[in-house]
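The values are calculated or read from the model by the stated rules, or taken from the named source; none is laboratory data. In this text, all values refer to a predicted model and were calculated from it rather than measured experimentally. Keep in mind that these areas ignore ligands, DNA and RNA; they rest on the heavy atoms of the full protein, side chains included. Shrake-Rupley method; radii C 1.70, N 1.55, O 1.52, S 1.80 Å.
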Amino acid sequence: MPRPCRESYGDQKPPYSYISLTAMAIWSSPDKMLPLADIYRFISDRFPYYRRNTQRWQNSLRHNLSFNDCFVKIPRRPDRPGKGAYWTLHPAALDMFENGSFLRRRKRFKLPKPEEDKEKRKRPAPFSIESIMSDSRPAASKQLHYLPNLYGPFRFDSCK
DNA sequence: CGTTGTTTATGCAATA
DNA sequence: TATTGCATAAACAACG
């Protein structure tokens, strides 16, 4: 079963979920993180189907970004002003589509519920990758003021 | 204002 | 057949 990642679907709806499409967009970026508008652009650039009804699918896409724990929002730096934040993938969600389907995952990636008592005082280093993984706060209150270097050489040009 | 995020709700279809 | 993942709609806050 061919799984072309580029084009050739014409005006037909590509066999990918919004989560897949978004993950593809993020994967494709050099820094493995993109602002919303760039995710839009990635999708509509190579899938003609998504050049219409933008209001509808972009709303759905935004819903997915907020709703799914597999997407992590990384705030902009003050020295890199712009509209929204950067979106990236949760490190524990990289094998999300290990079934190869890209339509429906076996299981939805979900962070543990706010069982606040669990690791109350086991504070890992605030900038370590462990602190991301163990962050079980609701998405709304989650704020990552750091850059997981796991995502490769991310540089703001004036990062010194 | 338009864009970006957050959240709740409903219905459908695939899976177990 | 019950559960779960997904698509869509919609209301709304926040931000530049």
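Of the accessible area of the range A:18-100, with the probe set at 1.4 angstrom, what percent is carbon plus sulfur?
51 percent
Between A:Lys107 and A:Ala92, what is 0.36 nm times their sequence separation minus the Cα-Cα distance? Round to one decimal in nm. Don't skip to the end; give the middle numbers.
Working: separation 15, 0.36 × 15 = 5.40 nm, distance 1.32 nm.
Additional length available on full extension: 4.1 nm.
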Determine the gain in length on full extension of the stretch A:Gln12-A:Arg76; use 0.36 nm per residue of separation and subtract their C-alpha separation, reporting nm with one decimal.
19.5 nm
Candidate residues A:Leu36, A:Leu61: accessible-area rank, largest first, probe 1.4 Å:
A:Leu36, A:Leu61
Taking A:Asp95, A:Asp31 and ranking on accessible area (1.4 Å, protein atoms only), highest first, one gets A:Asp95, A:Asp31
